[in-house]
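Data first, discussion second: the structure below is written as structure tokens.
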Amino acid sequence: MARAVSTRRKIATTALAWAIGLLIFFPIFWTILTSFKTEAQAINNPPLFWGFDFTLENYAIVQERSDYMRFLWNSVIIAGGSTLLGILVAVPAAWSMAFVPSRRTKDILLWMLSTKMLPAVGVLYPISLIFVEFNLLDTRIGLTLVIMLINLPIIVWMLYTYFREIPVDILEAARMDGAGLRQEILYVLTPMAIPGIASTVLLNIILAWNEAFWTLNLTAANAAPLTAFIASYSSPEGLFYAKLSAASTMAIAPILILGWFSQKQLVRGLTFGAVK
Amino acid sequence: MGRITLDKVSKSFGEVEVIPPLDLTIEDGEFVVFVGPSGCGKSTLLRLIAGLEDVTSGEIRIDGQDATSVPPAKRGLAMVFQSYALYPHMSVRKNIAFPLRMAGMDPAERDRRVKAAADVLNLTDYLDRRPGQLSGGQRQRVAIGRAIVREPAAFLFDEPLSNLDAALRVGMRLEISELHNRLGTTMIYVTHDQVEAMTMADKIVVLRAGNIEQVGSPLELYRNPRNLFVAGFIGSPKMNLVNGDIAARHGAETIGIRPEHISVSSDDGEWHGKVGVSEHLGSDTFFHVTCNGIPEPVTVRVGGEVDLHYGDEVWLTPDPDHLHRFDNQGLRIA
């Protein structure tokens, strides 16, 4: 039975939700707004919400000074590549943990997740040494690998939760029907897990796109993605808020658009299994 | 061909032995039912035959060939699950065709077989639907269709009717029996419902705690249960079991008498008691009579026209020719 909710309470919760939403969105809004101001107006006190001179100059300067497309392309390759590679590794891993669990499966999952609690800087030195040794510094392949490994625990964990929802009977039926392991995963498990896999992919693209620690530390010019592009505008020769904002807006625009169009899928994926 | 032999097959999960070593032969073309209370190991036994579980020791032979370590896909058996286990993302047509596709059969032959199976199972109109758009009975028929097309050496059914409502269950029971008569293929059927076992089986295997209690035709088991467990499990309503002095008078620890082998009289008989609850089925009536000296009410089956009411005093007399006697081990006394 639906619980009766008074109109006043409905209005209050709606207002609260909007307030929280706006609070979270405000920095993004402010960044976008600032990107259309002149440098002087950008640091004006009190801050200007309106009445400033609308200009596209910052975008033109940013595009002129640095090649946005090259950074974008690096971001696409690193985020897409690490996610794809991660899925390829994680599907069989999650399959075995979900359907052929051992006594240690839970421990392994927890241990994997616990690696996310380790501060990244703690392993910066060894990873840098490995990168130097294998000539991976400032390469897209090196960065793709590192980011894939960083996000792998989350991919495996998410897929594991989705796979657990799939009745084992159906996989056994496939086995009885003559499907080998490869066919079972390819024709039965994967199509059934598509919603889960899709939201895992989306979330990981977002995580990889926003990853800044490793991209900033392990790249210079060749493999630098959009995070490095933004960082290059918080330069020591003085802060240029308007240009920094323009660069940030350009960097977050693709992922913002992707997130906007896939929000239904994302929410569905993240709450999958919570409500039956 | 589908002759299945289990030779000292056992199964343990860790320290727990769920099936102690057992021997069993299922002849080609037989309809064998594994029956027993839940947790008796009947589903595990079926899964061992299917290859979905590994045996701990012993050997499983299919048509004389050792199949103990053959993967399920290669055993040539088809299984129908309690949950139907259809592929939700495929149409009925693709579900039924799936095993043929896995076998690499050419699409034309595949299509022909799917159509033939759909025809037999009245699924022709539903071939392009998804499982989610079908009723429980239709889903179960798709699951059976998926099993038929493969022309397996034997069919394995794991409580296939448990999720259906009572009326549908009776209908599907007949359909499966009809299918068995038509195909003549070995069928192994697991159920906890002794009515299904009695009505469908050529041979019933009664299991308790992983042990085979008795193997035989339904009527053999009904007429000559080997021990108290089988006596109490097979037959509905259950056999009346009486201990104590009354049993001792017949030279047994426990005596058993089926409800239809007790005669009722209003003035004379062996046991005196009062009529309790009565169940009128139309053709038959079951009276539950509380008798002096017998702790459990005695169930009596009489014709539908017998007119007795709650509280009436009656005399019951068990038919001596149909009296089952059991010793203190619970075993039948010949």
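Points to keep in mind about this one:
- Counting only strands (runs of 3 or more DSSP E) that sit wholly inside the stretch B:193-312, those with at least 1 residues that are under 30 Å from B:ASP165 (Cα atoms) are B:203-208, B:211-216, B:240-243, B:271-280, B:284-291, B:298-303.
- Residues of the stretch A:188-197 include none that is surrounded by fewer than 17 Cβ atoms within 10 Å (Cβ to Cβ), touching a residue at least 40 places away in the same chain (Cβ under 8 Å) and either within 30 Å of A:ASN135 (Cα to Cα) or among the small types (Gly, Ala, Ser) (or both).
- Taking the stretch B:58-81 as the range and being touching a strand residue (DSSP E or B) at 6+ places or on another chain (Cβ under 9 Å), facing chain A (nearest Cβ under 8 Å) and not small (Gly, Ala, Ser) as the test, the residues that pass are B:PRO72, B:LEU77, B:MET79, B:PHE81.
- If only residues of the stretch B:103-135 that are of a type in the set (Gly, Ala, Ser) and surrounded by 15 or more Cβ atoms within 10 Å (Cβ to Cβ) are counted, the one that is farthest from B:ALA73 (Cα to Cα) is B:ALA118.
- Selection of the stretch A:207-225 for residues being without any contact (Cβ under 8 Å) to a residue 60 or more places away in the chain and surrounded by 17 or more Cβ atoms within 10 Å (Cβ to Cβ) yields only A:LEU207.
- Listed by position, the strands (runs of 3 or more DSSP E) contained in the stretch B:24-80 that have at least 1 residues being touching a residue at least 24 places away in the same chain (Cβ under 8 Å), over 22 Å from B:ASP193 (Cα atoms) and aliphatic (A, V, I, L, M) are B:57-62, B:77-80.
- Filtering B:VAL16, B:VAL32 for residues that are among the hydrophobic types (A, V, I, L, M, F, W, C), more than 14 Å from every other protein chain (Cβ to nearest Cβ) and loosely packed, with under 15 Cβ neighbours inside 10 Å leaves a single hit, B:VAL16.
- Criterion (closer than 29 Å to B:THR44 by Cα, free of Cβ contacts under 8 Å to residues at least 60 places away in the same chain and within 14 Å of chain A (Cβ to nearest Cβ)) met by exactly one of B:ARG130, B:ARG146, B:ARG113, B:ARG139: B:ARG139
- Tally of residues being more than 16 Å from B:ALA85 (Cβ to Cβ), over 30 Å from the mean Cα position of the chain (by Cα) and part of a loop (DSSP other than H, G, I, E, B) across the stretch B:122-137: 3
- All told, B:LEU183 meets the bar of being in the same structural domain as B:PHE31 (by TED's automatic domain parsing), more than 18 Å from the chain's Cα centre (by Cα) and surrounded by fewer than 18 Cβ atoms within 10 Å (Cβ to Cβ).
- Candidates in the stretch B:236-260 are the residues that are crowded, with 20+ Cβ neighbours inside 10 Å and not polar (S, T, N, Q); of these, the one that is farthest from B:ARG332 (Cα to Cα) is B:PRO259.
Every residue, every condition in (1) in contact (Cβ under 8 Å) with a residue 24 or more places away in the chain; (2) over 20 Å from A:ILE255 (Cα atoms), yes or no:
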residue	(1), (2)
A:VAL5	no, yes
A:GLY21	no, no
A:PRO27	no, no
A:LYS37	yes, yes
A:LEU56	no, yes
A:ARG65	no, yes
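- Entirely in the stretch A:1-72, the helices (runs of 4 or more DSSP H) that have 3 or more residues that are surrounded by fewer than 10 Cβ atoms within 10 Å (Cβ to Cβ): A:7-34
The values are calculated or read from the model by the stated rules, or taken from the named source; none is laboratory data. These figures come from a predicted structure and were not determined experimentally. Using ideal geometry, Cβ is built from the backbone for each residue, glycine included, and neighbour counts are taken over all protein chains shown.
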